[in-house]
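Single-structure report; data block below.
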Amino acid sequence: MLKGKTVLLGVTGSIAAYKTAGLASMLVKKGAKVHVLMTKHAVNFINPITFESLTGNKCLVDTFDRNFEFSVEHVALAKAADAAMIAPASANVIGKMAHGIADDMLTTTMMACKCKKILAPAMNTNMYENPVLQDNLERCRGYGMEVIPPAKGYLACGDTGAGKMPEPEALFEYIVREIGYPKDMAGKKILVTAGPTMEAIDPVRFITNHSTGKMGYAIAKTAACRGAEVTLITGPVSLSPPLFVNTVPVVCARDMFEAVTSCSNEQDIIIKAAAVADYRPAVASAEKMKKKDDALTICLERTEDILGWLGNHRKEGQFLCGFSMETQNLLENSRAKLERKNLDMIVANNLKVEGAGFGTDTNVVTLITKDMELELPLMDKAEVADRLLTEILGKMKGN
């Protein structure tokens, strides 16, 4: 994902500086070469040795350090960088970035960078909301820098409001989106469904399945990182909505049908990874059903066939991909579904195969089209998502 990429991390004087150590570690684990530049105030919050231990590279503070391997440090690092992030970005450094002031190693290097620069503001709420700071952020955006919205919450100063630097995982996603994937899906609109549906029996009970949404969320996230405009329609899951994706939460099959059909005609690619209930109670009780001594029978009716509707109402040139989870006759049942639903591709997996199925971080799938059966080995679901999108693009181009 980030192997061979060079990332510059700028650290300014903020209590949030400790979070950047976690970010540096994540980047290194994914194969990135990480160089950290600190302002002289930042060293009061975190020791440069921390970053040097994590990255294996000298942490730079002084513009004129003659012991560094490059003769002109700020130019050499700027040329090598694929992406640069200042996290935390103080009000002071944001002001310098907005007005071209380069008076230390961090700002001098950033001035020389031609790569994408990303700012993660972190400060007191009143400082963040100050019109001068907001004007400076807008000026930075005008110069092509990306500004990460700060989180809201309890701040170190005791105030509560906007100004918290997001967690390292969120900062990492911004860098991955920028340099982790080719932007070969730019201009494409993609609809992804994920998770289970919940069909009410009464106000307390419902019918559902074991889907966690991990596969669909991985597809949506990867598509967004590859440049697509992504809409994710998701049933109830415990996952956080992925960044850079328009997430639409739904509960039951009828909700999902309405959400999907309302925007399907706008999409270039539709990937139906949700585990939609096939049946629901014909009548949902308005009150809690009390337990009785004898048996209880619940009459079920079919839910809306979302995939079937899409296959019958698809626009010209639209690519339609479904999912098939089986416990027996995987290829036969999946290929029959491919034909019956008028799909371009179906992703088939067997619940009984180790590493596949619900709730896992991995999957074992076979990609099936009218003229192809491609069995993929055990992979992380993010890798499966990336491979799936690559195959879909190839089929759309006629490969």
State the three equivalent ellipsoid semi-axes of segment 156-213, derived from the C-alpha gyration tensor as the square roots of 5 times its eigenvalues, in descending order and whole Å.
34, 26, 10
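Of the beta bridges DSSP finds with both residues in the chain, what % are antiparallel, to the nearest 5? Could you put the intermediate results ahead of the total?
Values: 18 of 61 bridges.
Among the beta bridges of the chain, antiparallel pairing accounts for roughly 30 percent.
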Dipole of the chain, positive direction: furthest Cα of Val384, Phe172, Ala151, with charges on the beta-carbon:
Phe172
Which whole-Hz ³J(HN,Hα) couplings does segment 34-51 yield from phi under the Karplus relation 6.51 cos²θ - 1.76 cosθ + 1.60, θ = phi - 60°, glycine and proline marked x?
10, 10, 10, 10, 10, 7, 5, 7, 5, 5, 7, 9, 8, 6, x, 4, 4, 5
If you take every residue apart from Thr6 with its C-beta less than 10 Å away from the C-beta of Thr6, what net charge results, scoring Lys and Arg +1 and Asp and Glu -1?
+2
Quote the convex hull volume per residue of segment 281-358, based on C-alpha atoms, as a whole number of Å³.
175
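From the square roots a ≥ b ≥ c of the eigenvalues of the alpha-carbon gyration tensor of segment 151-267, which class results: rounded (a/c under 1.5), prolate (a/b over b/c), or oblate? Intermediate results must be reported in sequence, preceding the final value.
Details: a/c = 2.33, a/b = 1.22, b/c = 1.91.
Oblate.
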For the chain, the charge dipole (Cβ of Lys, Arg +1; Cβ of Asp, Glu -1; about the Cα centre) points to a positive end, and the Cα of Ala253, Ala218, Cys299 closest to that extreme belongs to Ala218
Computed over segment 72-203, the convex hull of the Cα set has an average projected area, in nm², of 12.6
Helix 330-340 against the longest principal axis of the chain: what's the angle in degrees, Cα atoms only, rounded to the nearest 10?
80
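Just the number, please: percent antiparallel of the DSSP beta bridges in segment 189-396, rounded to the nearest 5. Kindly include the intermediate steps, with their values, before the conclusion.
Details: 14 of 39 bridges.
Once the DSSP bridges in segment 189-396 are tallied, antiparallel ones form about 35 percent.
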With Cα springs under 10 Å, the Gaussian network model of the chain assigns the largest mean-square fluctuation among Phe45, Phe358, Phe323 to Phe45
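Note down the magnitude of the dipole of the chain about its Cα centre, charges +1 on Lys and Arg C-beta and -1 on Asp and Glu C-beta and zero elsewhere, to the nearest 20 debye.
320
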Segment 191-213 and segment 151-185 have their Cα centres apart by a whole-number Å value of 30
Note down the net charge around Gly22, summing +1 for each Lys or Arg and -1 for each Asp or Glu among other residues with Cβ under 15 Å from its Cβ.
+1
Out of Lys152, Lys272, Lys33, any idea which swings most in a Gaussian network model of the chain, alpha carbons joined below 10 Å?
Lys152
MRE, 222 nm, helices only [DSSP H, n ≥ 4, -39500 (n - 2.57), over the chain, to nearest 500]:
-10000 deg cm²/dmol
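Placing unit charges on C-beta atoms (Lys and Arg positive, Asp and Glu negative, everything else neutral), compute the dipole magnitude of segment 252-291 about its Cα centre in debye, rounded to 20. Walk me through the intermediate numbers first.
Numbers: 6 positive and 6 negative charges, 99 e Å.
That gives segment 252-291 a dipole magnitude of about 480 debye.
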Rounded Å value of the spacing that divides the Cα centres of segment 81-106 and segment 352-372:
45
Three-way shape call for segment 325-399 based on the alpha-carbon gyration tensor, with the a/c threshold at 1.5
oblate
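Past the 27 Å Cα-Cα mark, which pairs from Lys288/Lys381; Lys214/Lys352; Lys19/Lys117? Mind showing how you got there, number by number?
Values: Lys288/Lys381 39 Å; Lys214/Lys352 18 Å; Lys19/Lys117 19 Å.
As for pairs spanning more than 27 Å Cα to Cα, those are Lys288/Lys381.
Can you run the Rg to Rh ratio on segment 189-396? Use alpha carbon positions and the Kirkwood inverse-distance Rh.
0.98
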How far apart, in nm, are the 7 Å Cα→Cβ label points at Asn209 and Lys114?
5.1
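When Lys and Arg each count +1 and Asp and Glu each count -1, what net charge do the other residues less than 13 Å away from Ala284, Cβ to Cβ, add up to? Write down the numbers at each step before the final one.
Values: positive: Arg205, Arg254, Arg280, Lys288; negative: Glu199, Asp202, Glu287, Glu301.
After counting each charged neighbour, the total is 0.
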If you plug each phi of segment 86-98 into the Karplus form 6.51 cos²θ - 1.76 cosθ + 1.60 with θ = phi - 60°, what whole-Hz ³J(HN,Hα) values come out, in order, with x for Gly and Pro?
9, 8, x, 9, 6, 4, 4, 5, 4, x, 5, 5, 6
Which of rounded, prolate, oblate describes segment 117-180, given a ≥ b ≥ c as roots of the alpha-carbon gyration tensor eigenvalues and a/c under 1.5 marking rounded, otherwise prolate only if a/b is larger than b/c?
oblate
Listed pairs Lys33/Lys79; Lys40/Lys96; Lys5/Lys183; Lys5/Lys79; Lys29/Lys272; Lys58/Lys152 exceeding 22 Å between Cα atoms:
Lys29/Lys272; Lys58/Lys152
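Every number in this text was worked out from the coordinates using simple rules, so none of it is lab data. Treat the numbers as computed from the prediction; the structure is a model and nothing was measured. Don't worry about glycine lacking a Cβ; one is built from the backbone with ideal geometry, like all the others, and counts go over all protein chains shown.
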